[in-house]
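*Asks:* Got a structure for you, questions after.
A short reminder: the numbers here are calculations on the coordinates, not readings from a lab. All of these numbers come straight from a predicted model, not from anything done at the bench. Glycine also receives a Cβ, built like all others from the backbone with ideal geometry; neighbour counts cover every protein chain displayed.
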């Protein structure tokens, strides 16, 4: 099968290069069997060891709700505001609980590698932010902006892609072994 | 994506409040200003929370979403400045008007917020009226500058009237407003010839 994350990566132009802020495992390989449903993607991510807490909720991003070039989005942070953890939560669900709404580009669901990478990336950032708020009530928006934007080496965004790359690499190794076993 | 669609996504929990504000900033302009104000006025929590956001837009604050930094457009900053001027001029609340295309009649005494704006046709007043039957709802009317005198109160006669009837001859298009400079017959509920049409 072609390596293609083809659809995934053609459709989503790559962010600015040279910042070491992007996944290094691109292109992500598209699934031979096509796209997973959102629920199946979440289950797959869990099976790959990604911890998905109860207070997040995934959506396939409605048209127009993701910036160009983005795989997913869970917040918008204003550098002139102060933030609490509650600012990262959406309105209450039917069950009355508020959750972090993670919007995922539909094309991500076409690739298990993309699913693992993108969900791991978003959840790594969210978990790290949650831990920061455990230690302090409010954090200045400008501080959060520097943590989650591209272009700041070693920030949360950067490390989140490192984690995502680890998981994708592990997935590839496993599948390569499986393919080898089948041939052997 | 328009304001209603964005609010719908927000209501369904698809986005955080700040994401909503970020999208509103993207579409914010002098043309959209009143539309956004009216939409947010129906939700006190959003209206109040948007104020500091608007201040940051006026100052050109950076926001980050999906790893990407962005800054408000010049048009958005201009509109944010207008928004803050409107909010800082509570003395401009005056009595008005009714909206002939609406099922809702606005009784004399209804408060409206007058907004001074400019568009391609010259200076016009935009009037934001809260629905007396439903304080959460607003409508906006666009009036020519000469249609209303914001510095003078209504006459006592008009104060006494429950409603100002609308004369079809004077309701060209959608919006009319009372120009309070001109006197009326005491007790009369007929349309004064001073009712101007937009």
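*Asks:* Distance in nm between label sites at residue A:24 and residue B:69, each 7 Å beyond Cα in the beta-carbon direction?
*Replies:* Reported label-point gap for residue A:24 and residue B:69 is 2.4 nm.
*Asks:* Once the piece of chain linking residue B:5 and residue B:45 is laid out straight, how much longer is it, given 0.36 nm per residue of separation minus the C-alpha distance between them? Could you put the intermediate results ahead of the total?
*Replies:* Values: separation 40, 0.36 × 40 = 14.40 nm, distance 1.82 nm.
Residue separation times 0.36 nm, minus the Cα-Cα distance, leaves 12.6 nm.
*Asks:* May I ask you to list the residues of segment A:70-110 whose amide nitrogen lies under 12 Å from a point 7 Å from Cα along the Cα→beta-carbon direction of residue A:140?
*Replies:* Of the residues in segment A:70-110, A:79-83 have backbone N under 12 Å from the label point off residue A:140.
*Asks:* For every helix of n ≥ 4 consecutive DSSP H residues, a contribution of -39,500 (n - 2.57) applies; sum these over chain A, divide by its total residues, and give [θ] at 222 nm rounded to the nearest 500 deg cm²/dmol. Walk me through the numbers before you get to the answer.
*Replies:* Values: 5 runs with 76 residues, N = 184.
It lands at -13500 deg cm²/dmol.
*Asks:* Among B:70, A:81, what is the fewest-to-most ranking by other Cβ atoms within 10 Å? The partial results should precede the final answer.
*Replies:* Numbers: B:70 15, A:81 22.
If I rank by nearby Cβ atoms, fewest first, I get B:70, A:81.
*Asks:* Once fully extended, how much extra length lies between residue A:95 and residue A:169, figured as 0.36 nm per residue of separation less the alpha-carbon to alpha-carbon distance? Working shown, then result.
*Replies:* Working: separation 74, 0.36 × 74 = 26.64 nm, distance 3.76 nm.
Gain in length upon complete extension: 22.9 nm.
*Asks:* Taking beta carbons within 10 Å but only from partner chains, what does the mean come to for residues A:123-132?
*Replies:* The per-residue average across the peptide is 0.
*Asks:* Expressed as a rounded percentage, what relative contact order does chain A have, with Cα pairs under 8 Å and six or more residues apart? Could the numbers behind the result be given before it?
*Replies:* On the way: 267 pairs, mean separation 53.9, N = 184.
So the answer I get is 29 percent.
*Asks:* Now for a different question. Could you check what % of the DSSP bridge pairs in chain A are antiparallel, to the nearest 5? Show your work: numbers first, answer last.
*Replies:* Details: 4 of 9 bridges.
Antiparallel bridges: around 45 percent, rounded to the nearest 5.
*Asks:* Fewest Cβ neighbours within 10 Å first, please rank B:20, B:30 accordingly.
*Replies:* Numbers: B:20 25, B:30 17.
Starting with the residue having the fewest Cβ neighbours, the order is B:30, B:20.
*Asks:* Can you tell me which of B:74-81, A:107-114 comes out highest on packing, and rank the rest after it, using the mean Cβ neighbours within 10 Å? Spell out each step's value before the answer.
*Replies:* Numbers: B:74-81: 18.1, A:107-114: 25.1.
The densest-packed peptide leads the list: A:107-114, B:74-81.
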